[in-house]
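Trainee: Mind looking over this structure? Questions follow.
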Amino acid sequence: MAFLVALGMAATVGALNGVSALGAWIAKPPAVATVVEEASPPPTELETPEPPPPAFVFDAPLPGRTIDSPFGLRQLPWEENGRLHQGVDIAAPAGAPVKASADGVVKRTGVSPTYGRFVEVMHKGGMTTLYAHLKAPARGVKQGAYVRRGATVAFVGNSGRSTGSHLHFEIRKGDKPLNPAFFMGRSFAEADDLPIRAAGRVSKKVRLAVVSKWPDGVKGAPVTRTKSGRVRTRIAVSEG
Ligand SMILES: [Zn+2]
């Protein structure tokens, strides 16, 4: 093809200027090379195939809102010892829609004295997410219901042992609580990429929680910090 084009051009030029013009034409290899490239079929079969979609994708349940209280050992001012805060707290006004962090099936919904109203969702790989202190689950969110990532599963509230309107969000693998900060807004190509070990580690540091509202029956008490860093407080619990 390229050869024919070059010959045709040379014949035209040759009619005007003779053999020296043909020599000049042949001495321009870049022009010929360009014609050859254009004549080649597009190399579609050489393109890199699309990578498969990641097996695990986790979104933040309240997009755009920040974690106020992280995963880890935490001591509430009215308690004598620290306890593991098994999830993260994300402050939001009551009624704000809570989104499913990942595709899954509702494992259960219910009410507990500590969690208040909650929704628990099962995901593949033995992972579960828990949304607590809710105002209410969303319509149709009940055991066995399929939920897509990003779908509204509930609304933020202040139920259970809560210190103000917020979402308590947990991620577990089996029974093991994991730090949700390792998952929110991240995707993982396959199950082996899930940061189970890193997210399951608990720092020995105990954080004294700052609370905006004391639960009923617990009177505010002076909190003192000893030299060792431990926190002491005396609490008075009213009857009833
Ligand atoms: Zn919490």
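Every read-out reported here was derived from the displayed coordinates using simple, explicitly stated rules and does not represent laboratory data. All values derive from a computational prediction rather than experimental measurement. Here the Cβ is made from the backbone with ideal geometry for all residues, glycine too, and neighbour counts use every protein chain on show.
Trainee: Give me the tail of P(r) for the stretch 56-232 as a percent: Cα-Cα pairs with distance above 28 Å. Mind showing how you got there, number by number?
Mentor: On the way: 3654 of 15576 pairs.
For the stretch 56-232, the fraction of Cα-Cα distances above 28 Å is 23 percent.
Trainee: In addition: Distance in nm between label sites at Arg201 and Lys176, each 7 Å beyond Cα in the beta-carbon direction?
Mentor: Taking the simple label geometry, Arg201 and Lys176 are separated by 1.3 nm.
Trainee: Additional query: What does the highest-first list of 123-132, 186-195, 158-167 look like by mean Cβ count within 10 Å? Mind dumping the intermediate values first?
Mentor: Numbers: 123-132: 20.4, 186-195: 14.1, 158-167: 18.7.
By packing density, highest mean first, the sequence is 123-132, 158-167, 186-195.
Trainee: Starting from the Cα-Cα distance between Val111 and Asp192, subtract it from 0.36 nm times their residue separation and give me the gain in nm to one decimal.
Mentor: Working: separation 81, 0.36 × 81 = 29.16 nm, distance 3.38 nm.
Between Val111 and Asp192, full extension yields an extra 25.8 nm.
Trainee: What does the stretch 69-156 give for Rg and for Dmax, in Å, if only its C-alpha atoms count?
Mentor: Values for the stretch 69-156 (Cα only, Rg and Dmax): 13.8, 41 Å.
Trainee: Would you tally the net charge around Phe169, using a Cβ to Cβ cut-off of less than 13 Å, leaving Phe169 out, and scoring K and R as +1, D and E as -1? Provide the component values of the computation, followed by the final result.
Mentor: Numbers: positive: Arg65, Lys99, Arg172; negative: Asp59, Asp68, Asp89, Glu120, Glu170.
Once all neighbours under 13 Å are counted, the net charge is -2.
Trainee: Another question, then. Students often get this wrong: which residues of the stretch 59-103 have the backbone nitrogen under 17 Å from the point 7 angstrom along Cα-to-C-beta of Lys124?
Mentor: 59, 101-103
Trainee: On a full-extension model of 0.36 nm per residue, what is the gain between Gln143 and Val57, subtracting their alpha-carbon distance, rounded to one decimal in nm? Intermediate values should be presented prior to the final figure.
Mentor: Values: separation 86, 0.36 × 86 = 30.96 nm, distance 2.20 nm.
Fully extending the segment from Gln143 to Val57 adds 28.8 nm.
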